[in-house]
Amino acid sequence: MIENIQAALVMLTSWKLLLTITLCSIFGLFVGAVPGLTATMAAALLVPFTFFMDPLPALVSIVTMSAMAIFAGDIPAALVRIPGTPSSAAYTDDSYELTKQGKAELVLGVDVICSAIGGLMGAVILMTAAPLLAEVALTFTSFEYFWLAALGLSATVMIASISPLKAGLALLVGLLFSTVGVDITLGYPRFTFGITELLNGVDFIPAMIGLFGVSEILRNMASAHLKYPITAVKAENIFRGVAETLWKYKANMARSGLLGTFIGVLPGAGADIAAWIAYAVSRRFSKEPEKFGKGSIESIVDAGTANNSCLAGDWVPALVFGIPGDSITAIVIGVLYMKGLRPGPMIFQEQPQLVYAVYVSFIIANILMVPFGYLAIKVSSTMLRVPRNILMSAILMFCIVGSFAINNSLFDVGIMLAMGILGYFFEANGIPVAPIVLGMVLGPIVEQNFMVSMIKTRWDLTQFFTRPTAAILAVLAILTWLAPVYPILFRRFARSASPA
Amino acid sequence: MKISDAVVGAGFVAAGALIFTGTLGYPTLEAGHPGPSLFPRILGSLMAVFGGLLSLQGLRARDVTDEVAWLRLHKNPAFINALVVLAGVLAYIFLVEHLGFLIMGALVIFTLMWRLQVRPLKAAVVAIVFNALVHFLFAKVLRVPLPLGILWW
């Protein structure tokens, strides 16, 4: 293991990669710090560039960019009470209240250090858990992969949303998009309407750019010419008092780091959900729960650690099973497929250098976060003053050219536009967009493994339940499907148990 | 564009039904086992069921929130801005091969910025410079064959 890490370090310290890391850090910090631009959108916009890179720098750039963006989302939360990315939404009110009390420097200092420590914790867990799981995954056949993907789909719906019904609908839309094109059993063209471009299916990359880029632009159209009142922060010494604060809440950090990574490992739940859950847990166990929402530094420690640790956790199922942990790793899986690489247990044996590069770049990114984050805080008021009406117009152009660049096809620009409208309409009606992407990635896995299993066994359904590992996964999946029923059962039980 | 859950749900029911009927003509595997049609049919049915439930939920919660003021839509600046984005991209798709990226790209950015209250002169300068940079990056560095149109560069 050590020699692999050394090899990865040597690769990553070439000047080209260091330049990539630096550029992606700046890109990530900027995207994170500007409200309305999310880490997922940034990842989607990076994809056209990764298309022209080798797999290794491509993965490294997404890792670095996303880590920096999730931290930088904390900056506008503290300064203008608008989260830079959804992952900072949970503790935006607390951050801003503390800023009003004149503690902006402490908040920002805690933000950057907690993000770095959380990210490092997540990276360590990723490095230990992923290879172990990969050993297990080597024994998997199409039956297990079917259940695993089904479990991933269910987790997306059950955990990742306020309304499972709406998340479920979004997921179905994504799964249906994945059925477009030539089918696996007979090569029959499905839902192509005679359009040649659709025979290979709806291309994932323009769809992503549309769902996360164009829809975001459309949403910003209402407020693009507005300027926010920016609280001036000197940020002379953001690290003063941070050490004491963190020492006081060291147990919180450990708890939230673990919790965040675990939520990351669950398919479909990303950094925003990790932050919300860590926030809720923090309040539940806090000695001062009354402070929450009114300027609790404790909540910032907890949720700020959790969202960055979650990022590394998201890579565990993505690398080991090819099942995305969140929408960013869904994009990563798309990138890997584009490079002709299949994520899964074999990648640990065939391309160990790639896996180790992911580990090491997480560590480098989170160490670099402290100096880079400090500089970003220094220039934050300038970043927040970038005129958004110009920015949005520029991003639209990047979306158009990026969608075109993958296949040199204007049809893909049309796909991007259609997905942008769809994503905008869904978000406006409280239907989450991320499940669409997960559906598009997982759809072929579910269908192909199901069909292969069925044809292999001549339509003997019992095989899905009689293999030991498959049976365990099946039980887990079915338990997840029954989740909406539990509260009803519980109420019945409580009623019958209580004396009438 | 927030419309009532009851209506959105009904839309999904219709979509699910359409998808199901769309697969009726699909071929089957040997011995009549379903092949290409199986997965889309399951998904279409589930979509109709979920959509129905959502509709029911919306009706029960009396969700008649219809935040779209349909009659005053043409006066809503955010809606018109969004239309400008749509029109811009559509115009790009249909005209870029004739006019070329340098002209069409700059036109799209300029129109959008102008609509978003950037002063015309500033918008024009930013549009031309930025678009040239994008062209350089994608066409020259990354070698993406952006349409040349009537220009030679």
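The values are calculated or read from the model by the stated rules, or taken from the named source; none is laboratory data. Model, not experiment: these values are computed from the prediction. Here the Cβ is made from the backbone with ideal geometry for all residues, glycine too, and neighbour counts use every protein chain on show.
Checked against (1) surrounded by fewer than 19 Cβ atoms within 10 Å (Cβ to Cβ); (2) modelled with pLDDT of 85 or more; (3) among the hydrophobic types (A, V, I, L, M, F, W, C), A:Val386 passes all but condition (2). Restricting to the stretch B:102-129, name every residue that is buried (at least 21 other Cβ atoms within 10 Å of the Cβ), in a helix (DSSP H, G or I) and aliphatic (A, V, I, L, M). Answer for the stretch B:102-129, where residues must be buried (at least 21 other Cβ atoms within 10 Å of the Cβ), in a helix (DSSP H, G or I) and aliphatic (A, V, I, L, M): B:Leu102, B:Met104, B:Ala106, B:Val108, B:Ile109, B:Leu112, B:Met113, B:Ala123, B:Ala127.
On the given criteria, is A:Leu108 over 20 Å from A:Ser327 (Cα atoms), in a helix (DSSP H, G or I) and in contact with a Ser or Thr (Cβ under 9 Å, 6 or more places away or on another chain)? The answer is yes for A:Leu108. Within the stretch A:191-206, residues that are on the phi > 0 side of the Ramachandran plot and free of Cβ contacts under 8 Å to residues at least 60 places away in the same chain reach partners that are surrounded by 16 or more Cβ atoms within 10 Å (Cβ to Cβ) and not in a helix (DSSP H, G or I) with beta carbons closer than 7 Å, at six or more positions or on different chains, in the pairs A:Phe191/A:Val180; A:Gly201/A:Val180; A:Gly201/A:Gly181. Scanning the stretch A:136-158 for residues that are surrounded by 23 or more Cβ atoms within 10 Å (Cβ to Cβ), of a type in the set (A, V, I, L, M) and farther than 15 Å from A:Ala483 by Cα yields A:Leu148, A:Ala149.
When residues in the stretch B:130-153 are screened for being within 11 Å of chain A (Cβ to nearest Cβ) and either touching a helix residue (DSSP H, G or I) at 6+ places or on another chain (Cβ under 9 Å) or in a helix (DSSP H, G or I) (or both), 14 of them pass.
Just to be sure before I move on: is A:Gln463 closer than 29 Å to A:Ala137 by Cβ, at pLDDT 85 or above and polar (S, T, N, Q) in the structure I sent? No; evaluated as a whole, the condition is false for this residue. Entry remark, the stretch B:10-66: residues being more than 7 Å from chain A (Cβ to nearest Cβ), surrounded by 13 or more Cβ atoms within 10 Å (Cβ to Cβ), without any contact (Cβ under 8 Å) to a residue 24 or more places away in the chain and not in a helix (DSSP H, G or I) number 4 in total. With respect to the conditions (1) at pLDDT 85 or above; (2) of a type in the set (D, E, K, R); (3) farther than 20 Å from A:Val413 by Cβ, B:Glu97 falls short on a single one, namely (3). Within the stretch A:170-187, being more than 9 Å from chain B (Cβ to nearest Cβ) and part of a loop (DSSP other than H, G, I, E, B) holds for one residue alone: A:Val180.
Here the helices (runs of 4 or more DSSP H) wholly within the stretch A:349-439 that include at least 2 residues being over 30 Å from A:Leu19 (Cα atoms) are A:410-428.
Hey, can you tell me all the residues within the stretch A:404-458 that are among the hydroxyl-bearing types (Ser, Thr, Tyr) and either surrounded by fewer than 19 Cβ atoms within 10 Å (Cβ to Cβ) or more than 24 Å from A:Ile323 (Cα to Cα) (or both)? Matches in the stretch A:404-458: A:Ser409, A:Tyr424, A:Thr457.
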